[in-house]
Each structure stands twice: as structure tokens, then as C-alpha cells.
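Input: a single structure, listed below in C-alpha cells.
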Amino acid sequence: MSVLGQTDSGPDDLLTVAGDHHFDAMAEADVDRFVTLVGAGVREEGESVPLAGKVVGAALRLFAREVLADAEEHVRRTRDTDLEWTVVRAPRLNDGDGTGEYRAGDIRLGFDTIDRPDVAAFILDCLEDDLYVGEMPKVGSA
């Protein structure tokens, strides 16, 4: 699994380059299950997005263009593999304690936030139960 995230001082292509390294290492170790985390601003073609989500997406394209482009390229490369992949899309992450509950799947997100432990719980559920293989579910607070 990969839960890397961009920082102000990190390279603009962090997710893309790290993903390529993951794919190489997984092939060498004969591992075929991959779950990766990106922001909810990464969209699927034809996806219905609420107005609040469109506002957030426009802000990302304006103020964090490189971060969004890196995440989109990472997703494209992930989807092009033969792996059993899941791309988890999360809104802004909080440093709270988590509730142990979340919503996931084809959910509508706008100005939502979610605690990091709840995202971690969803990612572990995806890994343990082979949930959302070949899909890009969103996760949000319950």
C-alpha cells in the first residue's frame, strides 16, 4: 500500500516516481495487490461532482496544479498495471483520533474532511477483504 503525500519541500512527481518503484518491487516479490491513496480532487471520467467539489477542484487546479497532476499521473500508471489495485480518494485529512466509522464508495464529497485513522481503517479493510479491486472509491466521514 502507499499513503505518501506531497509536502512543500518534496519533489513535484513524488507519487509517480514512488509508484513506479512500488510496481518494480512488487513484480520482483510477486505481489499483486496494491492500494494507494490520493486526494479526492482526482476524478474519474464522467464522474458527477457536487458544486462544492467543483469549487475544491478548481482551487486545486489553481493553487496546487503540480500536486494534482502528479496524483493523476500516479493513478493513470496504477490503472495501467496488471495489479489488483484500488485507488482510495480522500478529502482533506485531519489529525483527529478518528471515529472508527466512515462512508466509502461512490459518495459525494464537497468541503468534507476525514480523520487519518478512519482513512487507515478503510485502507486496511480494502486490503483484508479485497474491496474495490479495480476501482477508485472515495472515503469520507460517517
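What follows draws every value from the coordinates through simple rules; no lab data is involved. None of the values given here were measured: they were computed from a predicted structure. When we count neighbours, we look across all protein chains shown, and the Cβ atoms used for this are built from the backbone with ideal geometry, even at glycine.
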* Which order do I123, I114 fall in if you start with the one that has the fewest other Cβ atoms within 10 Å? -> I123, I114
* Value of [θ]222 nm, deg cm²/dmol, for the chain, DSSP H segments ≥ 4, -39500 (n - 2.57) each, nearest 500 -> -13500 deg cm²/dmol
* Nearest-20 debye value, region 79-142 charge dipole, Cβ charges on Lys, Arg, Asp, Glu -> 400 debye
* Structure fact -> Per the 1/(1 + (r/R0)^6) rule, R0 = 25 Å and r from the Cβ atoms of A29 and D129, FRET efficiency to 0.05 is 0.70
* Return the percentage of antiparallel bridges among DSSP beta bridges fully within region 14-141, rounded to the nearest 5 %. => 25 percent
* Please give the net charge around Y102, taking every other residue with its beta carbon less than 12 angstrom from that of Y102, where Lys and Arg add +1 and Asp and Glu add -1. => -2
* To do: Taking the Cα centre of the chain as origin, work out the dipole magnitude from +1 charges on Lys and Arg Cβ and -1 charges on Asp and Glu Cβ, in debye rounded to 20.
  => 800 debye
* Structure fact -> Taking a ≥ b ≥ c as the square roots of the Cα gyration tensor eigenvalues, with a/c under 1.5 meaning rounded and otherwise prolate when a/b beats b/c or oblate if not, region 14-141 comes out oblate
